[in-house]
Structures are given as C-alpha cells and as structure tokens.
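Asker: Quick one: the structure is below, and I'll ask about it shortly.
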Amino acid sequence: MKLEYIGLENIDGPLVVLSGVKGAKNEEIVEITVAGKKKLGKIIELREDACVVQVFEGTRDLSLTNTRTKLTGNPMMMPLSEEILGRILNGRGKPIDGLGDIYAKDKRDINGMPINPVARKYPRDYIQTGISSIDGLTTLIRGQKLPIFSGNGLPHNKLAAQIVKQAKIAGENFAVVFVAMGVKYDVAEYFKRSFTESGVLEKVVMLLNLANDPVVERIITPRCGLTIAEYLAFTLKMHVLVIMTDMTSYAEALREVSSSKNEIPSRKGFPGYLYSDLASLYERAGMLKDQEGSITQIPILTMPNDDITHPVPDLTAYITEGQIVLGRELFQKGVYPPITILPSLSRLMKDGIGEGFTREDHPDVANQLFASFARVQEIRALAAVIGEDELSEIDQLYIRFGKLFEKYFIAQSEDEERDMEQTLTLGWTLLGFLPVAELDRMSPKLIEKYYKAGSNERLLYKGI
Amino acid sequence: MVETMNNFTTGYISGINGSVITIHGSKDFAMREMVIVGNLKLSGEVIAIRGEDVIAQVYEVTTGLKLHEPVIGTGQPLSVTLGPGIIGNVFDGIQRPLESIMKLTGAFIGRGIDVDAINMTKKWNIDIKVKKGDMLTGGFVIGTVKESSSITHQVMVPPTLKGKVTKVVPSGAYTVGETIIIIEDDKKTHEISMVQKWPVRDPRPFINRIPVSKPLITGQRVFDTMFPIAKGGTGAIPGGFGTGKTMTQHQFAKWSDADIIVYIGCGERGNEITSVLEDFPKLIDPKSKRPLMERTILIANTSNMPVAAREASIYTGITLAEYYRDMGYHVAVMADSTSRWAEALREISGRLEEMPAEEGFPAYLQSRLSEFYERAGYVTSLCNKTGSVTVVGAVSPQGSDFSEPVTMNTKRFVRSFWALDKQLAYERHYPAVNWTSSYSEYIDELTPWYEKNVNKDFMVNRTKLIALLQEESKLMEIVKLIGSDILPDEQKLILEITKAIRLGFLQQNAFHEEDTFVPIQKQYLMMSCILKVNDKAKILVRKGIPVSVIKKTGVFSTLSKMKYTIKNDRLESFNELENNLISNLDELLLQYEG
Ligand SMILES: Nc1ncnc2c1ncn2[C@@H]1O[C@H](COP(=O)(O)OP(=O)(O)OP(=O)(O)O)[C@@H](O)[C@H]1O
Ligand SMILES: [Mg+2]
C-alpha cells in the first residue's frame, strides 16, 4: 500500500505544494484524489520543506484539506502496442472511444530521450503532396519537421487534411498521429471526417485536448503523441506523419505554468526556456541509421495578429526545418491554398530534389520562381505608388506573370492532385511569360531544354 | 555532517529545480567543482555557494532524482581530456564521444554514462624528441604523433609543469595513458603521458599575442573580398531563422584555409550534425587533399540535449581549439548558435533566482561573451610556435530584431560583422549578407597581405565595388518611388552593373560544384573584370549610347554568369573574356560614332 498524503500547503494556479513528502522523485507523476475523482500531476520542484506539483487537469475544486495525494513512483508512462492504431485518446493518452484500455506491450516515459545525432540518418526522400507550391517550392521530405504558420480563420486545417489525403504514403506501412491542443471540437471532428473519407482512419491515432479541456494538460498531449509516434516508427518500423495543432495553444499553456511559478519571463511573458521546450518536441522527428521507419512532423500554429516575429512562430522556425507560411492577403483574394511563398522554406529540400530525386531542373526552377516572384512584389509596391499604367514594359510583364503565378501555380482546388512533372512544367510555362534574359537563376543548359518564350494562358489552363 | 570517502567531499541533494540542484551536508565543495549527482551518477558542476546551500547545475536530465541521494565531489573543475584521438570525433557538450554513447545506450541518449573522452586503449606511434637530462618547461614538445593524415599531434608538457627529464621511453607505440617521460622539479617527480587535462573555463596560456595580419580565406566572395576576417580574429553572423547562418558556417568549415575546424552545434538541430557527418568524410580539403573529417572536430549538444551541457559546450570547443593552436595550428571555431548558449545561461540564472538584466538575461551575459571572444587570437605558444584561434559565432536574434541583448553585446566584441538579411533570403539571394550593414574592421591590417599575395589593386577595387553598391542603394530609394525608366543613363548604368555584381559576384551558390568554393585569385579577377566593363560602359554612356542598347550586347549577363563559365582552374580564360567584353563595347562605340 502506497502512502497517501492528506491535504496541501498551497494552491496557486495550476500548481500545488505538498509538505512532508518522503521519497518523491523529480518529475514523477502523483495522483490527487478529490471527492472521489482522480487528477494527475507532475512534481516539478523538490525542496526539503516542499514538493511542488503541477496539476494537469486544473486545480478547480481542490482545497487545502480535501485532497489525498499518492506518489506513483514513475514519470508519465504511455502504454503501447500496435492496437493503438485507430484509437482516440484524450490529452493524457487515455482512450475516450469507449473501446477500453490499450493493451500494453511496452510502456514508455512520455518525455522520451534525445536522439543521438550520430544515430540519425539524414532525410532525403521527398513526399509528393500533389500541391504545386509545396512540391515545387518547399518540398516536404520524409523525416522532416515542416510546420504550417497560419492565422485565425485561414484554411490550415484544410491544407493539412489535403496533405494527409494526397501524400503518396498509401500502400506503405504508414500511420498518422494527430495531436490536438486547445482546438475546437469542430476542428477535431473535421479531421476525423477527413481521415474517414480518405479511408485511413484505422491508421490514425488521435489525441484530443480540446479548447474546453484543462489547459495544463496540453503540455503532455504532444509528448504522449510523439511517444506513440516513436513506437510506431522505430519499433514497428512505420512511416509516421504527426500533425500537431495548435502549437500556439501549447505554448500558452507553458506560459501559464511558468507565470504561476513566478519565473522571469523573456518575450511576451513566455518563459526563457520556450525554445528548449519546443525543441524537445520538434527534435523527435527524423530517421535513424540502418532502420526503417520515420517521423515526419507537420505542426500547425496560428500566429497571433499574423505576426511572424511572435515568439511562438519565431522560435518554432528556429528549430524546424523550414516553414510553410499562409497569408491573409492571398486568402482574401480567394486563393487556396494561400501559401505565401517568399517567407516559406524547406531546408531539407536541397538534398532531396534535382537529378536522381525529382528532376534535374527542379532546383533551378524553384530558385527562379522565388527570385522572379520577389521581383513581382517589388514591382507591385512601385505600382502602388505610380500606378500600373506607368510601369515599364518589362515591369508590366512581371505583373502579369505574378497574377498568373498566383492563379495557376499557387491556387489549386482542395481535391486537385498534381504530380511533380506537372508542377515543374507549369513552372516553365509561367516562366515563358518572361523574356529569357530575365531568367538569371537558371543554367543555360536547362533554358535550352525547357524554356519556351511567349506562353499563353491556354497553356496554363491545360497544364492543370 | 561531513563524510569523507577517499578524500572526496560528499553531500546530499536537498533541492531539485529542473537542471539545478541544491546540495547540503558539506562546506567543502569548491566553486566550479565537478560533482557526481545521485544514484544515477549524473555529472554536474558547482555554480554557486550560498552559505549552507551549494548549488550545482546538472549536465543530464534530472528526472527521477530524489532528495537525500548522495552528491560526491571530484575535486576537479570541469575539464577536457587532451591528447591524440580528438580529431575526427563527435563529442557532446562535456566531451563525451557520441559514438561511444551510442554503443552503450543505442540510438537514444541515456543517462549516467561514463565514457572516456578519447580512446585509452589505442596505441599511437610517438616519435620522442627529448632525452634524459633535458630541462623542460610547460608547453615543450616531448614528441610527435601522426594523429590523422593531415594533423601531426605535438605531445606537450602540460603548461603548469616543468622539470628535468629523469626517464624517457624510446620512440614507439604507446597508449595515451602510458607514462612516456618522468620529469623532476624541486624534488617532486611528475609522470607525463600523452594526455593532459585542462579546465575548460580557463584560457590556455601562451607567450604573447601577435597582431593579426593574414585573412582566413573561406572561398566565399562576400566574405573574403568584401568583409574578410583575420586568422586569429572574431566574427559574428547574426540573422533570423532560415537566413543562412548554419550554411555559412558549414561552408567555412568545408573550405576555409584553417588547419583544423572545431564545429560546435550548440543547441541547434540534430540533422545539421548528421549532415556534417555524412558529407565531410566524402569531401576533400583543397589544401591537404585529404577528407575534411580528418581536420574536423565536432561538438554536438543539440537543442533537445540538456541545457547545462549546452552552456559548457562552447568552452569545451574553444579549449580543444586552443590546445591545437598551442601546437602551431590555425584553428577556426564555428559556434552555432551563441544565442542558444546565452539562453542556457539565462535559464540557469533564472533557476538561481538571480536578478535579471535585459529580457531576463543575467547581467554577466556581456562579460561571458567578451571572455569567450577574447580567447581568439594569433599567438606565440609556449613551445614557440605560432598558431591561431579564429572564432565565428552565429547569433539568432529573437524576432530577427538586432537590438536584442545577445546581438548588441556580441557586436561590441567581434570585429567582423556579417548581418544576414531576411529580405535577401526571401529573394533567395545567398549568402544573404547585407552589404550595407555588414563590416570588417580588419581591412587595414589585412591590406598588405592582399596586396602582396593577390594583387596590388585588390583593396582599391574592393572600395570601388562598395562605392557602386552604396550608390545603388541610394538610387533604389528613388526607384521605389518613381521607377527606373526616367533615370538618366549614367544612373541606369549603375543599376545594371550593380545588378551584375549582386547576381554574379555577391550571390554564391553553395550547392554548385564550381561556385561553392572560389579561390581568392578568381575573386579578384571577377571583381576586376566587372570594374573594367563598368569603366568602358561609362565611356559609351557619355558618348550618348543608351544603356538599353549596351544591355543588348549581353555584357551584363555575361558578367553575372562568369562564375559558372570560367572554371576555378582555368583562370587564364579571364583575359579572353575581358577582351571579348571590351571589344563588344568598342564595336558598339564604333557603330555609333561611324
Ligand atoms: N550559400 C547558400 N547557397 C544556397 N542556399 C543557401 C545558402 N545559404 C542558405 N541557403 C538556404 O537557406 C536555408 C536556410 O539556411 P540555414 O539553415 O543556414 O539558416 P540559419 O540561419 O542557420 O537558420 P536557423 O537560425 O533557423 O538555424 C538552407 O536550407 C538553404 O536552402
Ligand atoms: Mg542554423
């Protein structure tokens, strides 16, 4: 029989303090019983006179006298077996689909352990998503962590669902881990429907911490999810795609705990260790040497006020291997997916595209489209000042190129799937609207092989 | 309650807060002493002593530690093990080889691992250089060992020892731990082997500093030509996410003419270390013609590894660099990223409840930064060899805001400053070094070298190039408002020539076989070719020939492509290229005049 401690010393936000606790381990999980209900908490600080516990399900209903607390002796563990596929769990990894507990072949600490850099395999295989702006310009690589930076009301969920549906992983040993943190019920429902429609539901594990679920619980939800992902990828050798949404809600939960601990904040009240904490999640993506299996992460976050310099997107992009940025302007123009290409980047693409991977012209086409579109943006700014009619002839060509680029290359419908060949050809057709002298990022050999001057819109239309 | 066990101080854990623990039970712990923490035997370091409370940072995750578990002092400060076997290795922040850790705990890093920093069983062939009766002082070379095909290791007397040789082994194969000489000093004898320890937070001593005078040639035009760094100098690369800090440092590590590279991945991505490990053994050092890995040392404390060891990693790296400097090598240290190191300081400082200065960083941030960069330098070592440590630090400003504390403080202590620009990165102009806000304070010191070794005109031409780019940025302010169509032709020419400079000279594609590394001679020839064309074109414009007509000859686009068309080993082709370009322009002039 384990010892139970009656009562608490202090309650402050999500934190409670116990005294007189013997033999407690740092970061072990405790069970607090209040009025017959159990809440879980984690020991986050130990002193001779006090044991500070962060309560995951909130401290509502707790009083200094009405609790009984028990040490479990372990950090948070996740039960694991292949039966976890197809299951729906709450934010603490407990099944909520009425199908009973998960049979545990293995149990693992949800905090995981860092992958040894010498044990990693550098990811080089691209995943075709069928979306031109991603495949062509920010290619997703298996084992990459590539977040979607979005804003409130932008169609990030649609895009993520489309990627899952179209990504050429079907037929293989693949799985999806979907981690919801602080999102609305509708969003979770939307993903579930879309997984059902694309017929992958039995390959999906869903972890749901919804908007009305305890805030602090959010801190463990992605850790449970990633522990499952590691099991599927490195024990069962599957290719796992992890979608985590919304990382901003996650970081806010962290901020809440930090401020109850009276920690000195850095920017916007977020704790100084936000970077390290986020890294402890994102770095769990990757591949291992001499092993099948991979973890690809697509975290989704909403940028408060669409501000990319906000600490959450900023620190995320400092850790992830690029970012796909959605923009309100494109969205308002009715472009789906509204991917703003200039700030978007896939860092692993350089090693996974081109000859032997996609097609030999891919790096140059991408480079040229980026450079030409950057020029479009400059000219648009000028046009806003002097008027489009006053632009020089060549600048007018750029304006037209820009419009068509958004209309035919970026925009595509929710169920439209383009292969790599099609995307690259589309790129060349668009570049045909510019005089060859403007293609300053392109090798002459490729120009000779692919460039055709004087495109017209019909060609574009045919190309999609 | 002081318990002694083999003279080691023992105490017990009386508080745990993240990576920081409080120790009670002994007053004998010393500041900066390494300690062994808990039943798991985690390693830690004493970082504060406040009355009864001895406070230590723990280099490993503290999950599962309990109060009252023992803490044992080692009597030693955090030190690195120095000797043959360091080159080509990958260490974590406290010099534990990651390969050995993998052998013990598999693909994921476990805890409480006790591994030797360097291989203690391998035998190395040492060529002994001293004999019985010799008087040796600290730093004196005892013998040499071929450590890798490009590095000859000088086995030196530890800096703190001196004495007369009373015993010496013959040249031959020994493990690093075996005694190779015994020296006697004041009746005390010291057994010396091929390894020595050195506390990472103390700079290694040398005889004197030598003023810097040689550039670290990196093969990257915007660095070597525009904003060079001296061997023994300091430089910082600040830039927002994705602007190219890591790429730049990888390029430096690959192509710079240092003898040895110490690459510190400090709180950054695991895959970036993996890519070095996969690429470097296959790449050939242009100088020694040997695989790059044979001159490279990696320190990898990635962002998900414990934060206290991240703090230490910077010191571990620079100490290894100083050690090889002492042997007479030119060592370049790449620290990616110093911001993550500063954040580690901040996190630990927060747990110590210290009074924060700006943005939660401790007030000693700037002194720590200056101490770190101060360890760079060009020196005469204790064994009278000249060597250098060059330090290049990446800075990752939060929100890409260069006025944040780490960038601001770093700027005070470095002399080359390469500001990476988000806008340029968006345009995929790489390296995204902003040519108006970057600078090098080494120009004066390095001018004689460039004039002697490259060309008398080098710096004059560089100044011209910079002047053109400055004029361009002034013009662009106008262009933004009225477009370029109505500018006078002299100004249009500036826009065309600077476009060629940007595309053809400043942009350099790290993934292009030919362009990834460019010899300094080629950099000069490219620059001079651009300037000659500019001079000629100016004459044409003065004669009334419109820039649009000059443009049609294709001279400008030829300039932007010459980096690809002229191979690095065919520099004589520049003559022909220049002649062609000039005669194109001459013909045009004739047509106009005729
Ligand atoms: N010289 C270059 N040539 C070609 N591409 C480059 C060059 N420099 C940077 N890039 C591109 O920019 C991307 C980002 O570069 P890098 O990873 O070095 O950024 P960073 O500044 O280190 O970012 P972070 O702070 O997030 O680590 C690279 O993946 C590459 O695609
Ligand atoms: Mg980087």
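The values are calculated or read from the model by the stated rules, or taken from the named source; none is laboratory data. These figures come from a predicted structure and were not determined experimentally. No Cβ is skipped: glycine too gets one built from the backbone with ideal geometry, and neighbour counts run over all protein chains shown.
Asker: What's the total number of residues in the range A:265-297 that are modelled with pLDDT of 95 or more, surrounded by fewer than 24 Cβ atoms within 10 Å (Cβ to Cβ) and assigned to a strand (DSSP E or B)?
Answerer: Count: 1.
Asker: Out of the residues in the range A:342-360 that are at the interface with chain B (Cβ under 9 Å from one of its Cβ atoms) and modelled with pLDDT of 95 or more, state the one that is farthest from ligand 2 (Cβ to nearest atom).
Answerer: Step one: list which residues in the range A:342-360 are at the interface with chain B (Cβ under 9 Å from one of its Cβ atoms), which gives A:342-343, A:345, A:347-348, A:350-351, A:354.
Subsequent filtering for residues that are modelled with pLDDT of 95 or more retains A:342-343, A:345, A:347-348.
On the way: A:LEU342: 19, A:PRO343: 16, A:LEU345: 12, A:ARG347: 9, A:LEU348: 13 Å.
Per the stated criteria, the residue is A:LEU342.
Asker: Ok, one more. Might you let me know whether the range A:266-283 holds any residue that is within 9 Å of chain B (Cβ to nearest Cβ) and more than 22 Å from B:PRO306 (Cβ to Cβ)?
Answerer: Checking the range A:266-283: at least one residue is within 9 Å of chain B (Cβ to nearest Cβ) and more than 22 Å from B:PRO306 (Cβ to Cβ).
Asker: Shifting gears a bit: Where the second residue is of a type in the set (Asp, Glu) and the first is within 12 Å of ligand 1 (Cβ to nearest atom) and lies in the range A:327-351, which pairs have Cβ atoms under 8 Å and are six or more apart or on separate chains?
Answerer: A:SER346/A:GLU321; A:ARG347/A:GLU321; A:LEU348/A:GLU321
Asker: Something else now. Pick out the one residue from B:ARG295, B:ARG290 that is over 14 Å from the mean Cα position of the chain (by Cα) and assigned by TED's automatic domain parsing to the domain that holds B:SER403.
Answerer: On the way: B:ARG295 fails: over 14 Å from the mean Cα position of the chain (by Cα).
Criteria check complete, one pass: B:ARG290.
Asker: Suppose the filter is at the interface with another protein chain (Cβ under 10 Å from one of its Cβ atoms) and within 11 Å of ligand 1 (Cβ to nearest atom); does B:GLU272 pass it?
Answerer: Answer is yes for this residue.
Asker: Here's another thing I want to ask about it. What's the number of the condition A:GLN128 fails, among (1) away from chain B (no Cβ under 14 Å); (2) surrounded by 22 or more Cβ atoms within 10 Å (Cβ to Cβ); (3) within 30 Å of A:GLY354 (Cβ to Cβ)?
Answerer: (2)
Asker: Could I ask something else about it? Considering only residues that are within 11 Å of ligand 1 (Cβ to nearest atom) and either in a loop (DSSP other than H, G, I, E, B) or not assigned by TED's automatic domain parsing to the domain that holds B:GLN251 (or both), which ones fall in the range B:422-452?
Answerer: Of everything in the range B:422-452, those that are within 11 Å of ligand 1 (Cβ to nearest atom) and either in a loop (DSSP other than H, G, I, E, B) or not assigned by TED's automatic domain parsing to the domain that holds B:GLN251 (or both) turn out to be B:ARG428, B:HIS429, B:TYR430, B:PRO431, B:ALA432.
Asker: In the range B:228-253, what count of residues is obtained for those that are more than 13 Å from ligand 2 (Cβ to nearest atom) and either in a strand (DSSP E or B) or within 14 Å of chain A (Cβ to nearest Cβ) (or both)?
Answerer: So the answer is 4.
Asker: Hey, any hits in the range B:20-36 for a residue that's touching a helix residue (DSSP H, G or I) at 6+ places or on another chain (Cβ under 7 Å) and in contact (Cβ under 8 Å) with a residue 24 or more places away in the chain?
Answerer: Yes, some residue in the range B:20-36 is touching a helix residue (DSSP H, G or I) at 6+ places or on another chain (Cβ under 7 Å) and in contact (Cβ under 8 Å) with a residue 24 or more places away in the chain.
Asker: Using beta carbons and a limit of 6 Å, which pairs, at least six apart or on different chains, have the first residue in the range B:1-15 and at pLDDT 50 or above and the second one of a type in the set (Gly, Ala, Ser)?
Answerer: B:PHE8/B:GLY73; B:THR9/B:SER26; B:THR9/B:GLY73; B:GLY11/B:GLY25; B:GLY11/B:SER26; B:TYR12/B:GLY25
Asker: Mind checking which residues of the range A:11-27 are in a loop (DSSP other than H, G, I, E, B) and either crowded, with 22+ Cβ neighbours inside 10 Å or of a type in the set (A, V, I, L, M, F, W, C) (or both)? Give the steps one after another, and end with the answer.
Answerer: Step one: filter the range A:11-27 for residues in a loop (DSSP other than H, G, I, E, B), giving A:13-14, A:19-24, A:26-27.
Within the range A:11-27, A:PRO14, A:VAL21, A:ALA24, A:ASN26, A:GLU27 meet the criteria.
Asker: Which residues, taken from the range B:254-266, are more than 10 Å from ligand 2 (Cβ to nearest atom), in contact with a helix residue (DSSP H, G or I) (Cβ under 7 Å, 6 or more places away or on another chain) and not acidic (Asp, Glu)?
Answerer: Within the range B:254-266, B:LYS254, B:ILE260, B:ILE261, B:VAL262, B:TYR263, B:ILE264, B:CYS266 meet the criteria.
Asker: Within the range B:372-419, count every residue that is more than 14 Å from every other protein chain (Cβ to nearest Cβ) and without any contact (Cβ under 8 Å) to a residue 12 or more places away in the chain.
Answerer: Number of matching residues: 1.
Asker: Continuing with the same structure: Please enumerate the residues belonging to the range B:426-460 that are touching a Gly at 6+ places or on another chain (Cβ under 6 Å) and within 13 Å of B:PRO238 (Cα to Cα).
Answerer: B:PRO431, B:ALA432
Asker: Another one. Let me confirm something: among B:ILE520, B:ILE478, B:ILE482, which residue is of a type outside the set (Lys, Arg) and within 27 Å of B:GLU451 (Cβ to Cβ)?
Answerer: None of the others qualify; the one that does is B:ILE520.
Asker: Okay, moving on. If I ask for residues that are of a type in the set (Gly, Ala, Ser) and free of Cβ contacts under 8 Å to residues at least 40 places away in the same chain, which ones from the range A:384-423 would you list?
Answerer: Kept after step one, since they are of a type in the set (Gly, Ala, Ser), are these residues of the range A:384-423: A:384, A:387, A:392, A:402, A:411, A:413.
Once the filter is applied, which keeps residues that are of a type in the set (Gly, Ala, Ser) and free of Cβ contacts under 8 Å to residues at least 40 places away in the same chain, the range A:384-423 yields A:ALA384, A:GLY387, A:SER392, A:GLY402.
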